[in-house]
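Let me begin by presenting the structure, written as structure tokens, before commenting on it.
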Amino acid sequence: MNSASFIRYAGTAVAATMIGVACTAPPTSVTDPGRRTAPSAAPTWVKVSVDLPTSGVEFPAGQDADLANVQCLICHSAGMVLRQPALTKEQWRAEVIKMRSAFGALIPDGQVEAVTDYLHRINGR
Amino acid sequence: MTRRDPDGPPSSRRAFLTGAGKLTALGLIGAAARSVPALALELPFANGHRELATNFPGKGPMILLRTRPPLLETPFEVFDQGVFTPNDRFYVRWHLANIPTIIDPAEFTLKVRGHVKTPLSINLDALVRDFEPVEIAAVNQCSGNSRGFFEPRVAGGEWANGAMGNALWKGVRLKDVLDRAGVKAGAREVRFNGLDTGIVPGTPDFVKSLGVDHARDGEVMIAYAMNGQPLPLLNGFPLRLVVPGWYATYWIKMLDDIEVLETPDDNFWMKKAYLIPDTPFANISPGQTGVASVPINRMVPRSFITNLKAEDAVKSGRSIPVRGIAFGGDAGVGKVLLSSDGGAAWQEAKLGKDHGTYSFRQWETSIRIPAVGPRVLMVKAVNTAGIAQPERANWNGSGFMRNVVESVPVRAV
């Protein structure tokens, strides 16, 4: 086996090309191991303007879902919360409190338990 | 939880392929993608249902972990396609949702300030023109890559193994830029900030620091190109710090501010977040207390099989090619060992081309499984410093630095 056989499987790509998304070809220009001085082809700078997708996802319906929708979608979309593993009530409470103390969330004292209970109901252990 | 597609892209029609967790669904994408905007898969841990998003700028199909701010994972089969991860499949990880969506290179400046003789404000043309260009191939890996596999589970970004990528970075040495400003005697750390900010004033801005000697080691660089192209906006256009061998939390995106500090940085993201237990592989037992913690730092070795996945059927009594990638962490790849019998016997794989200490390295070998039945393939890297991946999973409460020997159960038929 030689290095050519390693290059071959760069051609086994399926998903990206089949889906019709242009895949940037992996560069083949590095011939020397390690870092080195690069040939200086200056980059051309082009103004970049993009749209980032938004998420319309809300919390699953249920008692106090509205509190979560108000308090927990300000800084991140619901995926941050809904994709967590099942947590204990103590762990969910710690997350809610962390959002206040570490990240500046303005969750009133009186809502901490209700939000905690809600999160534990939808994904608790 | 009842909801099947939390946080999915706002698409009108969706196709869910059940059992796609084996990522076999991706083989069907060519047929399905023309007619449906999104597919889904199951990552192999609880609550691992994910959509495959195709609507992020500069990105092909990516595993959607969070829409805002984006957390996008590289589908694992991409790592079988080459030693460099294409820009449009490179994973994406932001902390704070206020991310500029318009960047005019003509207006952009990089500031160097603080404990320096001459504060600088460098525009992009000057950065490229006035400093020697350098290139380095280096792995960028999220501190929490593979967090979803932690057992017991921990809260955080629930990634499988795709929060990593390897690119050829081109830019200028941080050292050269700091030397131009003239670091004054007594400097302790260098702090890096990018254009992203939080949504509310109370959220600490995402900034990270390196010791001044590390910052001046000649390896840390300010990259303006990734695999020969400008960085995708989601990977930090126009400038990103590259910290070879260190976790990606230090690789500040949209880097526009460098501050030389006389005192150790006590900001939230250095002092409260991204801390690890100061033990080998950051490993502790669940519930263990009284362990000193330090900011996460150097990466540890990892290796993966990329051409076979869990539950694949392989032919018994025949030579089966097995291949994959490895990286040494903060050192090169010394060797890669493969076992086809659950770790009893190990054979050394052939290593592919060496793209440098900090790069992925491809490896390949072949195995022969004598009889039909289940088998566990295992792969282990040993780096050039002699550090081997642990055979039992390392664990800590933040889900950082997983690097256990990977196991892939297959069926010989």
### Query
Which residues, if any, in region B:60-101 have at least 50 Å² less accessible area in the whole protein complex than in the isolated chain, probe 1.4 Å?
B:ARG66, B:ARG68, B:GLN81, B:PHE84, B:ASP88, B:THR101
### Query
If R0 is 30 Å, what FRET efficiency do you get for B:ALA106 and A:ALA102 from their C-beta distance, rounded to 0.05?
0.20
### Amide H within-cut-off set for B:VAL207, under 5 Å, with H built and near neighbours excluded
B:TRP269
### Task
Residues in region A:107-122, backbone N under 15 Å from the label point at B:VAL200 (7 Å along the Cα-to-beta-carbon vector): list them, ranges by number please.
A:107-113, A:115-116
### Summary
Result for interface chain A to chain B, accessible surface buried in total, 1.4 Å probe, Å² to 100, stands at 6700
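Taking a threshold of 30 Å on the Cα-Cα distance, which of the pairs B:LYS59/B:LYS350; A:LYS98/B:LYS208; B:LYS271/B:LYS309 fall above it? Kindly include the intermediate steps, with their values, before the conclusion.
Working: B:LYS59/B:LYS350 32 Å; A:LYS98/B:LYS208 20 Å; B:LYS271/B:LYS309 39 Å.
From the list (B:LYS59/B:LYS350; A:LYS98/B:LYS208; B:LYS271/B:LYS309), the Cα-Cα distance tops 30 Å for B:LYS59/B:LYS350; B:LYS271/B:LYS309.
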### Query
How many Cβ atoms of partner chains, on average, are near each residue of B:53-59 if near means within 10 Å of its Cβ?
3
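Quickly rank B:140-146, B:278-284 as a protection proxy: mean count of other C-beta atoms within 10 Å, highest first.
Numbers: B:140-146: 26.1, B:278-284: 17.3.
Packing order, densest peptide first, comes out as B:140-146, B:278-284.
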### Task
Mind running the shape call on region B:228-353? Use the C-alpha gyration tensor, a ≥ b ≥ c as the square roots of the eigenvalues: rounded below 1.5 for a/c, prolate if a/b tops b/c, oblate otherwise.
oblate
### Task
Calculate, in nm to one decimal, what B:GLN229 and B:PHE268 gain on full extension: separation in residues at 0.36 nm each, minus their alpha carbon distance.
10.7 nm
### Task
Collect residues whose amide H, placed 1.01 Å from N in the peptide plane, falls under 5 Å from the amide H of B:HIS49; neighbours closer than 5 in sequence don't count.
B:LEU43
### Message
With an 8 Å Cα cut-off and a minimum separation of 6 or more residues, compute the relative contact order for chain B in percent.
### Response
14
### Message
Could you give the length gained by full extension between B:ASP213 and B:SER319, i.e. 0.36 nm per residue of separation minus their alpha carbon distance, to one decimal place?
### Response
33.2 nm
### Query
How far apart, in nm, are two points set 7 Å out from the Cα along the Cα-to-Cβ line at B:LEU261 and at B:ALA385?
2.3
### Query
Using the beta-carbon distance between B:ASP341 and B:GLU151 and R0 = 22 Å, what value does 1/(1 + (r/R0)^6) give for FRET efficiency, to the nearest 0.05?
0.40
### Query
Using a probe of 1.4 angstrom, how much of the accessible area of the protein assembly as shown is carbon and sulfur, in percent?
52
### Summary
Karplus ³J(HN,Hα) for region B:114-127 (6.51 cos²θ - 1.76 cosθ + 1.60, θ = phi - 60°; Hz, whole; x = Gly/Pro) runs x, 7, 10, 6, 10, x, 10, 9, 10, 8, 5, 4, 5, 4
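Taking every pair of distinct Cα atoms and averaging 1/r, then inverting, what Kirkwood hydrodynamic radius in Å comes out for the protein assembly as shown?
Kirkwood radius, the protein assembly as shown: 24.1 Å.
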### Message
Once each part is reduced to its C-alpha centroid, what is the distance from region B:362-413 to region A:93-125 in angstrom?
### Response
38
### Alpha-carbon centroids, region B:135-171 and region B:232-284: separation in whole Å
14
### Query
Can you give the mean number of other chain Cβ atoms that lie within 10 Å of the Cβ atoms in peptide A:54-63?
4
### Query
Which value, in Å², gives the accessible area per residue of the protein assembly as shown when a 1.4 Å probe is used on the protein heavy atoms?
39
### Message
Between B:ALA310 and B:LYS117, what's the calculated FRET efficiency when r is the beta-carbon distance and R0 is 60 Å? Round to 0.05.
### Response
0.55
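The values are calculated or read from the model by the stated rules, or taken from the named source; none is laboratory data. For clarity, every value in this text was computed on a predicted model and none was experimentally measured. Quick reminder, even Gly has a Cβ in these numbers, built from the backbone with ideal geometry, and neighbours come from all protein chains shown. These area figures cover heavy atoms from the full protein model, side chains too; ligands, DNA and RNA do not enter into them. Shrake-Rupley method; radii C 1.70, N 1.55, O 1.52, S 1.80 Å.
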